[in-house]
Amino acid sequence: MSTSALLSALRVGGRQQITASNFGARTQATGSHVLRIHRFTQVREKVANGAAIQSGTFGVGGHDWRVKCYPNGNAEEDRGCISLYLQNASHAKTGDAMAGYKLSILDKSWKPSRTRSTDEHHFMGRGWGWDKFMKLEELDKEKHLQDDCLSVLCDVTVDTGLRTEDYTDEVAAAEELTKAPPPFPVHGIAEAIWNRQEPDVKIEAGDGQTLAAHRWVLEAGSPVFKADLALASNDTVAELRVGDMDADVCKALLRFMYTNSPPPELEAMAERLLVAANRYELEELKLACEEALCKNIDTSSVTAALALAERHGCTVLRKAGMRFLSSPGNLDVVLASPDGLEKLKTGCPSALLELLEKNRPLDEQLLSTRV
């Protein structure tokens, strides 16, 4: 019987405030991280021998880790090879660590194609790995470089030693979270991530629904999420509330962070998703939303599109709106509507100023409204 089930049974007997302590032998924490190097062919041509590309840091077992890839080898004798290493990035703060690790280059099906591993190593400040992980001539463009992107998967198992663990409702929440399904259909690399590591963040959307996610994915993808998680008080399960997002938008946001792909229903939720993408500084998703909105600009929506662009700094959407109004006849139609000019004045004043400079008739109409 799990501790969670035991406490539930005891509560039935009338014990409402109850905790437990678990003592166990050596425990281990596991985690995974994917380093993706886009336009790898160009990167390899520009990055010199001895120069590294580093992943963002990711936490496993109380330590922060980092993957380092040398596209043209770490040292002179490694030329013609890819060098891969894992580094204890937080050694100055968290000290030494005992960890086993596995580094893999993924194929186009997101399955490990070339893998090297070690059961356990003593990590201090320097990195450990393989100088000649793989020869460059063995990299197959069709097999390993889908869309010219090299994907490196790192699995880490950290020995956290002997410990006694207090079991509280927070720990129970962690057990419940591990059973939560993914918030979106998973396949490929997202499925690999979800199957290898239990979620450790609970997100409560504005409509009250809760979604599961992985802390390292959120931290690596969004500086805003990273800052919010740094303030989370629960070390077992970090809880975030995103009151400005409904669950469907939050699911689409998470889908993009795991897969780098916008949702199929992007056009239907483009405006709401754009606001969320801007809030969490996901620039690629924001751009995809702008492009989707650009396709539907017409005389009835252009003022709203320009207002949205002004509020959230959408350069592409603003240019598309201004280009539409610059086409013969479109501006006249907008101004002929009962509140067309008022919408320009209140929602997108900078666009209105630009139009005033280019269109004298608009200037005259604006003056007439003030009389």
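Anything in segment 295-329 that is assigned to a helix (DSSP H, G or I) and open to solvent by less than 30 Å² (accessible area, probe 1.4 Å)? List them, or say none.
Selection gives V302, T303, A305, L306, A307, L308, A309, L317, A320, G321, M322, L325.
Taking the conditions exactly as written (open to solvent by 30 Å² or more (accessible area, probe 1.4 Å), of a type in the set (F, W, Y) and either modelled with pLDDT under 90 or farther than 22 Å from D119 by Cβ (or both)), does F40 satisfy them or not?
On the way: open to solvent by 30 Å² or more (accessible area, probe 1.4 Å): no; of a type in the set (F, W, Y): yes; either modelled with pLDDT under 90 or farther than 22 Å from D119 by Cβ (or both): yes.
Spelling it out, it is not the case that F40 is open to solvent by 30 Å² or more (accessible area, probe 1.4 Å), of a type in the set (F, W, Y) and either modelled with pLDDT under 90 or farther than 22 Å from D119 by Cβ (or both).
Return a yes/no flag: does segment 342-352 have any residue that is assigned to a loop (DSSP other than H, G, I, E, B), at pLDDT 90 or above and open to solvent by less than 70 Å² (accessible area, probe 1.4 Å).
Of the residues in segment 342-352, the ones assigned to a loop (DSSP other than H, G, I, E, B) are 348.
Within this subset, residues satisfying the condition of being at pLDDT 90 or above are none.
Taking every residue of segment 342-352 in turn, none turns out to be assigned to a loop (DSSP other than H, G, I, E, B), at pLDDT 90 or above and open to solvent by less than 70 Å² (accessible area, probe 1.4 Å).
For segment 129-177, enumerate the residues that are modelled with pLDDT under 90, closer than 24 Å to F58 by Cα, touching a Phe, Trp or Tyr at 6+ places or on another chain (Cβ under 9 Å) and open to solvent by 70 Å² or more (accessible area, probe 1.4 Å).
L162, R163
Which members of segment 205-238 meet the condition of being open to solvent by 10 Å² or more (accessible area, probe 1.4 Å) and touching an Asp or Glu at 6+ places or on another chain (Cβ under 7 Å)?
G206, D207, T210, R215, P223, V224, K226, A232, N234, T236
Here are the criteria: (1) modelled with pLDDT of 75 or more; (2) in a loop (DSSP other than H, G, I, E, B). Tell me which single one V186 does not satisfy.
(1)
I need the full set of residues from segment 249-282 which are in contact with a strand residue (DSSP E or B) (Cβ under 9 Å, 6 or more places away or on another chain) and in a helix (DSSP H, G or I), in order please.
Once the filter is applied, which keeps residues that are in contact with a strand residue (DSSP E or B) (Cβ under 9 Å, 6 or more places away or on another chain) and in a helix (DSSP H, G or I), segment 249-282 yields V249, C250, K251, L253, L254, M257, Y258, A276, R279.
Among residues belonging to segment 241-255 that are in contact with an Asp or Glu (Cβ under 9 Å, 6 or more places away or on another chain) and open to solvent by 20 Å² or more (accessible area, probe 1.4 Å), point out the one that is modelled with the lowest pLDDT.
Here the answer is G243.
When segment 60-75 is examined, which residues are found to be open to solvent by less than 40 Å² (accessible area, probe 1.4 Å) and within 18 Å of A97 (Cβ to Cβ)? Before you say what the answer is, go through the steps one by one.
Within segment 60-75, the first condition is being open to solvent by less than 40 Å² (accessible area, probe 1.4 Å), and the residues that meet it are 60-61, 63, 65, 67, 69-73, 75.
Answer for segment 60-75, where residues must be open to solvent by less than 40 Å² (accessible area, probe 1.4 Å) and within 18 Å of A97 (Cβ to Cβ): V60, G61, H63, W65, V67.
The values are calculated or read from the model by the stated rules, or taken from the named source; none is laboratory data. Please read all numbers here as calculations on a predicted model, not as lab measurements. Positions of Cβ are backbone-derived with ideal geometry, glycine not excepted, and every protein chain shown enters the neighbour counts. Areas reflect the complete protein model, heavy atoms only, side chains present, ligands, DNA and RNA absent. Shrake-Rupley method; radii C 1.70, N 1.55, O 1.52, S 1.80 Å.
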